[in-house]
Amino acid sequence: MDFRHFNAGRDDDGKRLDKIARRLLGTESLSPLYKAIRKGLIKVNGKKSREDTRIKEGDVISVAAVILAQESAQQKKPRAETGFPHLDEVFRNGHLLVINKPYDMPVQPARGGAKSLSEIVEAERLSSEKAGTSLSFRTGPLHRLDRKTTGLLAFSQDAEGARIFSEMMREHRLEKRYIGIVLGSMESAAKWTDRIERGSGAEAGGTAFATVTVLGAEADGGKESITTAEPIARGTMCGKEATLVSFTIETGRTHQIRAQSAANGFPLLGDEAYGGGKIKSSRDFFLHALEIVFHDEEKKKALGLPDALFAPPAPDLADALKLFGCVIDGGTIRAGAKT
């Protein structure tokens, strides 16, 4: 019987055979996979193995050609072979890819058929030399950005990058700074500590929105959410009083800035889902992940990261900032001439 042989890489070390085989074959069905392993149609180092066998770097996984042919015929969609189109890279190495996310593009696959960033980044990895270094690894976003939020978005490029970046987030060793335009005149800085619960329900108390409910800091439900909001400049946009605000988040909950801003009296201008009204503009609302600052020297060195990463605003956001007499220069917000 003919077999095709695959070499396990560093990112496969410690993974179960069934997990790697499932990724290799692109199958969703576990029963035929387990049957193939038990029959010896999928082997490790030339020997029949159990589905829970832990793979080591350098192991050779052999898959019967007939199994590969069956799975190839059954797959509904071929692997994407496109490159990395129309995306703005801010940083890239063997561990991480950080892009300047465009407006109105989903991070994860969504209804409606729109191409997601996750699909594009994985397609790019599969078409590169990096694809051959692991049998089981799949790239993915390491934090959240809403579809209509722009700016810095990090993707893993190997398991080590995913692990260390996630550790820095969990240990609060990186700082994420956003800029946004809120409805109303914010006079002073504030630190908002609330609890955010997925779903909208009046029975939960607090302030309920379409997607989440914002509870008080002492509430039993939800997850702690901490955002610092600092007004930069006040002005008028789309005929409404508005404030340009710098947001720094210590946690990363669903719609955190949008929900906490609204619950504390300053919804993002134009964010209808959170009470910001409707505006006639190039975007529904303006929220941009401007900067990530890394504070863990050891982990920063391990990932080859600079002290900070910065995502320049797109032209329409830059024009909006000028309405408030501001421009952004290398991550620093400076006074500029109003237009």
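Find all pairs meeting these conditions: Cβ atoms under 8 angstrom apart; at least six residues apart or on different chains; first residue within the range 304-325 and part of a strand (DSSP E or B); second residue among the small types (Gly, Ala, Ser).
Ala308/Gly331; Phe310/Gly330; Phe310/Gly331
If you take the residues of the range 269-303 that are among the hydrophobic types (A, V, I, L, M, F, W, C) and assigned to a strand (DSSP E or B), which of them is surrounded by the fewest Cβ atoms within 10 Å (Cβ to Cβ)?
So the first thing to find is which residues in the range 269-303 are among the hydrophobic types (A, V, I, L, M, F, W, C), and the list is 269, 273, 279, 285-287, 289-290, 292-294, 302-303.
Keeping just the survivors that are assigned to a strand (DSSP E or B) gives 287, 289-290, 292-294.
On the way: Leu287: 27, Ala289: 25, Leu290: 25, Ile292: 26, Val293: 16, Phe294: 19.
It comes out as Val293.
Specify which of the listed residues (Glu57, Glu28, Glu51) is at pLDDT 80 or above, within 31 Å of the chain's Cα centre (by Cα), under 29 Å from Arg163 (Cα atoms) and not aromatic (Phe, Trp, Tyr).
Working: Glu28 fails: at pLDDT 80 or above; Glu51 fails: within 31 Å of the chain's Cα centre (by Cα).
Going through Glu57, Glu28, Glu51 in turn, the sole match is Glu57.
Which members of the range 38-72 meet the condition of being more than 14 Å from Arg23 (Cα to Cα) and assigned to a helix (DSSP H, G or I)?
Arg38, Ala65, Val66, Ala69, Gln70, listed by residue number.
In the list Glu71, Glu81, Glu124, Glu171, which residue meets the criterion of being more than 13 Å from the chain's Cα centre (by Cα) and modelled with pLDDT of 85 or more? Before you say what the answer is, go through the steps one by one.
Working: Glu71 fails: modelled with pLDDT of 85 or more; Glu81 fails: modelled with pLDDT of 85 or more; Glu124 fails: modelled with pLDDT of 85 or more.
When all the criteria are applied, what remains is Glu171.
Quick check, is Val182 surrounded by 18 or more Cβ atoms within 10 Å (Cβ to Cβ) and part of a helix (DSSP H, G or I)?
Working: surrounded by 18 or more Cβ atoms within 10 Å (Cβ to Cβ): yes; part of a helix (DSSP H, G or I): no.
No: the conditions fail for Val182.
Scan the range 138-168 residue by residue and report those that are touching a residue at least 60 places away in the same chain (Cβ under 8 Å), of a type outside the set (D, E, K, R) and closer than 30 Å to Leu24 by Cβ. If you could, list the steps in order and put the result at the bottom.
Taking the range 138-168 first, the residues touching a residue at least 60 places away in the same chain (Cβ under 8 Å) are 138, 143-146, 148-154, 156-161, 164-165, 167-168.
Within this subset, residues satisfying the condition of being of a type outside the set (D, E, K, R) are 143, 145, 149-154, 156-157, 159, 161, 164-165, 168.
The answer is His143, Leu153, Ala154, Ser156, Gln157, Ala159, Gly161, Ile164, Phe165.
Quick one: Gly112 ticks every box in (1) at positive phi; (2) among the small types (Gly, Ala, Ser); (3) in contact (Cβ under 8 Å) with a residue 12 or more places away in the chain bar one, so which box is it?
Of the numbered conditions (1) at positive phi; (2) among the small types (Gly, Ala, Ser); (3) in contact (Cβ under 8 Å) with a residue 12 or more places away in the chain, the odd one out for Gly112 is (3).
Inspect the range 234-243 for any residue being in contact with a His (Cβ under 9 Å, 6 or more places away or on another chain), of a type outside the set (Val, Ile, Thr) and either touching a residue at least 12 places away in the same chain (Cβ under 8 Å) or surrounded by fewer than 23 Cβ atoms within 10 Å (Cβ to Cβ) (or both) and give the result as yes or no.
As a first pass, look at the range 234-243 and keep what is in contact with a His (Cβ under 9 Å, 6 or more places away or on another chain): none.
Within the range 234-243, none of the residues are in contact with a His (Cβ under 9 Å, 6 or more places away or on another chain), of a type outside the set (Val, Ile, Thr) and either touching a residue at least 12 places away in the same chain (Cβ under 8 Å) or surrounded by fewer than 23 Cβ atoms within 10 Å (Cβ to Cβ) (or both).
Scan the range 248-266 and tell me whether some residue there is of a type in the set (Lys, Arg), surrounded by fewer than 21 Cβ atoms within 10 Å (Cβ to Cβ) and either within 20 Å of Leu152 (Cβ to Cβ) or at pLDDT below 95 (or both). Break it down stepwise before answering.
Let us first name the residues in the range 248-266 that are of a type in the set (Lys, Arg), namely 253, 258.
Now drop any that are not surrounded by fewer than 21 Cβ atoms within 10 Å (Cβ to Cβ), which leaves none.
Taking every residue of the range 248-266 in turn, none turns out to be of a type in the set (Lys, Arg), surrounded by fewer than 21 Cβ atoms within 10 Å (Cβ to Cβ) and either within 20 Å of Leu152 (Cβ to Cβ) or at pLDDT below 95 (or both).
Can you tell me how many residues in the range 244-268 are outside any strand (DSSP E or B), touching a Gly at 6+ places or on another chain (Cβ under 8 Å) and under 27 Å from Ile292 (Cβ atoms)?
Restricting attention to the range 244-268, the residues satisfying the condition of being outside any strand (DSSP E or B) are 250-267.
When the remaining residues are screened for being touching a Gly at 6+ places or on another chain (Cβ under 8 Å), the result is 257, 261-263, 265-267.
Filter once more, keeping what is under 27 Å from Ile292 (Cβ atoms): 257, 261-263, 266-267.
Count: 6.
Out of (1) out of contact with any Asp or Glu (no Cβ under 6 Å at 6 or more places or on another chain); (2) in a strand (DSSP E or B); (3) in the same structural domain as Lys280 (by TED's automatic domain parsing), the odd one out for Leu153 is which?
(3)
What do you reckon, is Val293 of a type in the set (A, V, I, L, M), touching a strand residue (DSSP E or B) at 6+ places or on another chain (Cβ under 6 Å) and at pLDDT 95 or above?
Numbers: of a type in the set (A, V, I, L, M): yes; touching a strand residue (DSSP E or B) at 6+ places or on another chain (Cβ under 6 Å): yes; at pLDDT 95 or above: yes.
Against the criterion (of a type in the set (A, V, I, L, M), touching a strand residue (DSSP E or B) at 6+ places or on another chain (Cβ under 6 Å) and at pLDDT 95 or above), Val293 qualifies.
Regarding the range 225-243, can at least one residue be identified that is in a helix (DSSP H, G or I) and under 30 Å from Met168 (Cα atoms)?
Residues of the range 225-243 in a helix (DSSP H, G or I): none.
No, that holds for no residue.
The values are calculated or read from the model by the stated rules, or taken from the named source; none is laboratory data. What you see is a predicted model; the values in this text were computed from it and never measured. Reconstructed Cβ throughout: ideal geometry from the backbone, glycine too, with neighbour counts over all protein chains shown.
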